[in-house]
Each structure stands twice: as structure tokens, then as C-alpha cells.
Amino acid sequence: MRHRHKTSKLQRPKAHRRSLLANQACSLIEEGEIKTTLAKAKALRPVVEKMVTLGKKGIAADSAGDKAKGVHYRRQALAFLRHKKSVSKLFNEIASASVDRAGGYTRITKLGPRESDSAPMAFISWVDQFVGNPTEAEAPVEAEA
């Protein structure tokens with residue numbers, strides 16, 4: 001019986017599933033939105049939201065003057081994500097912009113079936129528009145000559 005085991009297995013062993021979710025979480029943090037299958041997006045959502053909560057706790061601990069707790073939360077995030085650049089962006093940009101939000105940091109938008117194998121596809125992105133690809137947002141508009 002699988003009582004109290006809510007994790008979707010995604011037809012992968014535990015280590016592979018954990019690596020997949022960590023890599024997708026890093027991609028979401030870096031890119032702002034990713035296109036993936038609906039099942040993977042649904043499995044990724046709670047993982048990413050827990051990372052944002054760690055970031056918010058770290059910011060609160062730093063502002064309260066307890067630097068040791070802030071470092072502890074950063075190390076917890078780094079233990080899962082394994083990318084220092086993603087952790088710093090998570091704590092500095094994403095979590096600091098989500099301080100007022102009580103939860104629900106991500107949005108899943110269904111796209112329809114994939115052409116090759118009819119797998120349902122989806123975008124997972126941040127609800128707030130604070131995270132995006134800065135090159136696209138700041139790119140100058142070229143005038144037609």
C-alpha cells in the first residue's frame with residue numbers, strides 16, 4: 001500500500017527522479033519558464049515552491065540578524081539544487097520578490113499534446129513577472145529602415 005506517499009514516480013528510480021527535478025528546478029530559476037510534460041510540471045511545482053520558501057526563510061533570518069540560520073537555509077537549497085548560481089538567484093531575486101506572497105509562486109499552463117508522441121505538454125512559469133530572461137526584457141527594439 002502507498003499510504004502517505006504522494007510523490008509521483010515519473011517512471012524513474014528515486015535518484016534519477018531527484019536529479020531530474022533538481023535540474024528542472026535550476027532551469028526554471030535561471031530561465032523564468034520552461035516547457036515540459038504536464039506530469040513533470042506537476043511534480044516540479046511542490047519542489048520549486050519549497051525552494052522559494054527556503055529562500056524566504058533565509059531572507060527573514062538575515063533581516064532578523066541571525067546569520068547562521070540564513071546560511072543554513074542557503075546550504076539546504078544548495079544541497080538539493082547543486083548550482084551556486086541558481087541558489088544565489090533564488091535567494092536574491094525570486095525569494096526577495098515573493099516575500100509578500102503566501103504561496104502559489106508558480107503557474108502551469110497547458111499547451112496540448114506533443115506532435116511526436118501525443119504527450120500532454122505544459123509551460124511552468126513564475127506567477128509574478130519578476131523572473132524572466134533579462135536579455136529579452138531589456139533587448140532594444142530595432143527600427144525598420
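The values are calculated or read from the model by the stated rules, or taken from the named source; none is laboratory data. If you're wondering where the values come from, they're calculated on a predicted model, not measured in any experiment. In this analysis, Cβ positions are derived from the backbone assuming ideal geometry, glycine residues included, and neighbour counts consider all displayed protein chains. The accessibility values were calculated without ligands, DNA or RNA, using every heavy atom of the protein model including side chains. Shrake-Rupley method; radii C 1.70, N 1.55, O 1.52, S 1.80 Å.
Brief remarks follow.
- Residues whose placed amide H lies under 5 Å from that of Met121, excluding near-sequence neighbours: Leu38, Leu111, Gly112, Arg114
- Table column - 3J(HN,Hα) (Hz), segment 2-10, Karplus curve with 6.51, -1.76, 1.60, x for Gly and Pro: 10, 5, 6, 10, 8, 5, 7, 7, 6
- Spatially, segment 1-40 and segment 52-117 are offset by 16 Å when compared through their Cα centroids.
- Computed over the chain with a Gaussian network model linking Cα atoms closer than 10 Å, the most mobile of Pro46, Pro120, Pro13 is Pro13.
- Simple rule: put +1 on each Lys or Arg Cβ and -1 on each Asp or Glu Cβ in the chain, find the dipole, and look at Ser63, Pro113, Ala43; the Cα lying farthest toward the positive end is Ala43.
- Apportionment of accessible area to carbon and sulfur, segment 38-111, percent (1.4 Å): 53
- Its alpha carbons considered, the chain gives a radius of gyration followed by a Dmax of 17.1, 68 Å.
- Placing +1 on the Cβ of every Lys and Arg and -1 on the Cβ of every Asp and Glu, with no other charges, gives the chain a dipole of roughly 1480 debye about its Cα centre.
- The mean of 1/r over all pairs of different alpha-carbon atoms in segment 1-80, once inverted, gives a Kirkwood hydrodynamic radius of 14.1 Å.
- Surface per residue (accessible, 1.4 Å probe) for the chain, Å²: 67
- Environment charge at Val52 (Cβ cut-off 14 Å; Lys +1, Arg +1, Asp -1, Glu -1): +4
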